[in-house]
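Novice: There's a structure below that I have some questions on.
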Amino acid sequence: MFRNKLLCSFTFIIFTSLFFSNAISAATHTIKKGEELDEIAERYNTSVYTLLELNELEDEEQSVAGYVLKLPDHIENKQKKVEEKKEKLDDFEVVKTMTVEASAFTASCKGCSGKTASGINLKKNPDVKLIAVDPKIIPLGTKVWVEGYGIAVAGDTGGSIKGSKIDVFVKSKKTALNWGRKKVEIKILK
């Protein structure tokens with residue numbers, strides 16, 4: 001009887017060791033400047049707690065830019081499938097597709113300086129394709145395809161541009177009013 005219990009315990013230990021050693025995968029994510037652990041967890045369909053535990057971190061403060069996070073095993077399997085089916089747009093790879101609420105803005109307004117958060121002078125470059133973004137969602141400098149607008153650079157921020165909202169730059173106030181506010185699909189490009 002004791003021998004059977006010992007054998008069962010030993011089998012359980014070996015099984016759980018094998019199971020948990022396989023849970024640690026080769027899939028990783030390098031944290032970028034401004035990236036939050038909850039955003040990363042959401043992107044990979046896991047929890048902050050799982051990421052902290054898997055990486056032996058005590059709290060989110062330890063996960064800083066440049067830190068290479070280990071991801072759960074199911075992430076590696078998903079990544080392999082995604083790598084096989086990478087979407088292309090022109091010469092760019094589509095990294096992510098989202099639906100956002102889009103409005104339009106112009107530099108041709110009373111009190112507008114025409115200077116963007118990234119330093120672009122819109123009055124001197126009226127033909128530039130540029131969008132205002134929440135840099136926590138889309139980092140400045142990112143190339144983005146916007147439905148009904150084309151490929152643009154994330155080059156500005158705005159007080160009301162938070163979360164999944166963008167503002168597309170257009171030449172005139174009339175064009176901005178015609179654009180209105182609408183849901184559009186965007187593709188983050190690499």
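Novice: Taking the criterion of being touching a strand residue (DSSP E or B) at 6+ places or on another chain (Cβ under 6 Å), among the aromatic types (Phe, Trp, Tyr) and closer than 18 Å to Gly114 by Cβ, would at least one residue in region 169-176 satisfy it?
Specialist: So far as region 169-176 goes, yes, one or more of its residues are touching a strand residue (DSSP E or B) at 6+ places or on another chain (Cβ under 6 Å), among the aromatic types (Phe, Trp, Tyr) and closer than 18 Å to Gly114 by Cβ.
Novice: Answer yes or no: is there a residue in region 48-67 that is modelled with pLDDT under 90, closer than 27 Å to Ile151 by Cβ and surrounded by 14 or more Cβ atoms within 10 Å (Cβ to Cβ).
Specialist: no
Novice: Hey, can you tell me all the residues within region 36-73 that are under 18 Å from the mean Cα position of the chain (by Cα) and hydrophobic (A, V, I, L, M, F, W, C)?
Specialist: The answer is Leu37, Ile40, Ala41, Val48, Leu51, Val64, Ala65, Val68, Leu69, Leu71.
Novice: Taking only pairs six or more apart or across chains, which ones have beta-carbon atoms under 8 Å, a first residue in region 87-104 that is free of Cβ contacts under 8 Å to residues at least 24 places away in the same chain, and a second residue that is surrounded by 14 or more Cβ atoms within 10 Å (Cβ to Cβ) and not charged (D, E, K, R)?
Specialist: Correct list of pairs: Lys88/Val94.
Novice: Only residues that are more than 23 Å from Asn121 (Cβ to Cβ) and surrounded by fewer than 17 Cβ atoms within 10 Å (Cβ to Cβ): list them for region 159-176, please.
Specialist: Lys162, Gly163, Ser164
Novice: Mind checking which pairs have a first residue in region 106-126 that is under 23 Å from Leu177 (Cβ atoms) and in the same structural domain as Ser172 (by TED's automatic domain parsing) and a second that is among the acidic types (Asp, Glu) and part of a strand (DSSP E or B), Cβ under 6 Å, 6 or more apart or different chains?
Specialist: Thr116/Asp156
Novice: Right, next: Going residue by residue through region 86-102, is there one that turns out to be over 21 Å from Arg43 (Cα atoms) and surrounded by 14 or more Cβ atoms within 10 Å (Cβ to Cβ)? Spell out the reasoning first.
Specialist: We begin by selecting, within region 86-102, every residue over 21 Å from Arg43 (Cα atoms); these are 89-91, 102.
Checking which are surrounded by 14 or more Cβ atoms within 10 Å (Cβ to Cβ) leaves us with 102.
Taking every residue of region 86-102 in turn, at least one turns out to be over 21 Å from Arg43 (Cα atoms) and surrounded by 14 or more Cβ atoms within 10 Å (Cβ to Cβ).
Novice: Still on this structure: From the residues in region 104-153 that are crowded, with 18+ Cβ neighbours inside 10 Å, small (Gly, Ala, Ser) and out of contact with any helix residue (DSSP H, G or I) (no Cβ under 6 Å at 6 or more places or on another chain), which one is nearest to Gly163 (Cα to Cα)?
Specialist: So the residue we want is Ala132.
The values are calculated or read from the model by the stated rules, or taken from the named source; none is laboratory data. What you see is a predicted model; the values in this text were computed from it and never measured. Methodologically, a virtual Cβ is constructed for each residue, glycine included, from the backbone with ideal geometry; neighbour enumeration extends over all protein chains shown.
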